[in-house]
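Notes to accompany the following structure.
The values are calculated or read from the model by the stated rules, or taken from the named source; none is laboratory data. A quick note: this is a predicted structure, and the numbers were derived from the prediction, not measured. Note: ideal-geometry Cβ built from the backbone for every residue, glycine included; neighbour counts use all protein chains shown. Note: accessible area is taken over every heavy atom of the protein model, side chains too, but ligands, DNA and RNA are not part of it. Shrake-Rupley method; radii C 1.70, N 1.55, O 1.52, S 1.80 Å.
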Amino acid sequence: MFFAKHDDLVGLDIGSSSIKMIELAELKGNKYRLKNFGLAVLSKDSIINGNMKNGQDVVSAIKRLTENLNIKNKNIAVSVSGHSIIIKKISMSSMKDIELEENIQWEAEQYIPFTLDEVNIDFQTLGISPSAPDKLEVLLVAAKKVSVNEYADIITEAGLNSIVMDIDDFALENMFEINYPEEIEGINAIIDIGAGVININIIKGGSYLFNRDIFLGGNHITAEIQKVFDISYEEAETIKLGGKIEGIDNAGVINIMRDSINNFSKEIQKSIEFFAGSTDEVVNKIFICGGCSNIKGLSEILENNLKIPVEIIDPFKNIEFETKTFDPEYIKCIGPRAAVGVGLALRRIGDK
């Protein structure tokens with residue numbers, strides 16, 4: 001563990017298509033102000049499903065952001081996701097924290113499809129089980145050491161210190177709690193629709209209930225456009241984001257986008273129905289974020305298909321920023337891509 005003169009951390013969200021770096025200043029009354037925000041696009045296939053394929057591209061992007069934003073604080077909160085992460089809510093006999101720490105390793109063996117020497121394990125007690133007063137509900141988290149070390153090495157090579165290693169799901173929960181306190185008591189699904197993965201995180205009262213990764217995303221839409229029109233990846237990406245390419249039939253693009261979004265919604269619906277069937281709980285509202293959340297028509301199609309209200313997340317909803325420094329229209333447009341990064345920037349040295 002590294003130490004600093006203050007406990008602020010810079011949030012570093014390393015996504016599969018871009019890197020987001022966010023710095024917040026903490027104000028009185030649990031308020032925050034945006035100090036720094038930047039985004040660097042990664043080359044295609046630098047990161048696939050959370051696995052580094054081109055580490056040097058990632059290092060270069062982090063260095064570029066640090067220099068361009070004139071970041072002085074070298075202490076970083078970063079998160080991992082994908083196949084290397086296991087999150088399970090388990091039930092254990094009620095015991096003291098010190099006993100829980102001693103027993104959690106034995107319990108973990110039942111739930112983790114890796115050998116214990118392959119993973120870092122952490123846990124958080126959620127309280128007494130509503131259905132069994134002699135049992136504790138415990139949130140068990142395991143992350144493969146090879147992935148954690150890979151991210152830590154990348155950050156070190158970029159000249160920074162990895163202080164907190166978080167999980168994308170928990171970073172989103174932190175962001176949501178600050179910005180949507182009026183929604184906390186409901187059952188909400190935060191759905192991060194990225195380039196390669198759709199992450200579904202269902203929470204209630206600010207606490208984890210369910211999560212699932214669906215290995216679909218914006219890259220699948222781009223690939224379909226590229227294949228149908230026989231154009232370059234860059235041209236297909238431009239079309240996906242609403243740009244125009246001469247000679248491309250707009251009606252054909254609309255059909256591809258609609259079919260892809262319908263496919264996304266079917267997979268999301270399966271997960272929400274599985275959650276409802278296994279818990280007898282109902283999702284009240286869906287909040288979407290990520291690089292694909294602003295695709296035209298996506299939120300409307302999801303809401304129509306799922307019959308659940310859908311809202312695009314604003315991670316800066318309750319965070320102040322200077323309009324002379326940050327263009328409000330840019331912040332509104334780019335905000336959904338910054339959701340994980342904001343959650344990470346809320347972390348502090350000494351956090352578990």
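Structure above, values below:
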read-out	value
Lys, Arg +1 and Asp, Glu -1 on Cβ, resulting dipole of the chain about Cα centre, debye, nearest 20	680 debye
Inverse of mean 1/r across different Cα pairs in segment 178-255, Kirkwood, Å	14.7 Å
Summed side-chain charge close to ILE14 - residues other than ILE14 whose Cβ falls under 12 Å, Lys, Arg +1, Asp, Glu -1	-4
Rg/Rh ratio calculated on Cα atoms of segment 114-158 (Kirkwood radius)	1.24
Trypsin sites (Lys or Arg not before Pro) within segment 44-109: DSSP coil, no more than 12 neighbouring Cβ in 10 Å	LYS72, LYS96
Structure-derived Cα extents along the principal axes in Å: which label, when the choices are [x] 64, 41, 36; [y] 68, 49, 42; [z] 60, 42, 38	[y]
The chain, relative contact order [Cα under 8 Å, separation at least 6], %	20 percent
Segment 39-93, Cα convex hull volume normalised per residue, Å³	121 Å³
Cβ-based net charge around GLU235, under 14 Å, with every Lys or Arg adding one and every Asp or Glu removing one	-2
Low-density loop positions, trypsin sites (Lys or Arg not before Pro), segment 265-327 - DSSP coil, at most 13 other Cβ in 10 Å	LYS296, LYS307, LYS317, LYS324
Highest average packing first - 247-256, 197-206, Cβ atoms within 10 Å	197-206, 247-256
Accessible surface of the chain [probe 1.4 Å, protein heavy atoms]: carbon and sulfur percent	48 percent
Interchain or long-range residues, amide H under 5 Å from ILE48's placed H	LYS53
Radius 10 Å from Cβ of VAL138, net charge of other residues (Lys, Arg +1; Asp, Glu -1)	+1
Per residue accessible area of the chain, 1.4 Å probe, in Å²	48 Å²
Percent of beta bridges antiparallel (DSSP, the chain, rounded to nearest 5)	70 percent
In segment 129-180, GluC sites (Glu not before Pro) in a DSSP loop with at most 11 other beta-carbon atoms within 10 Å	none
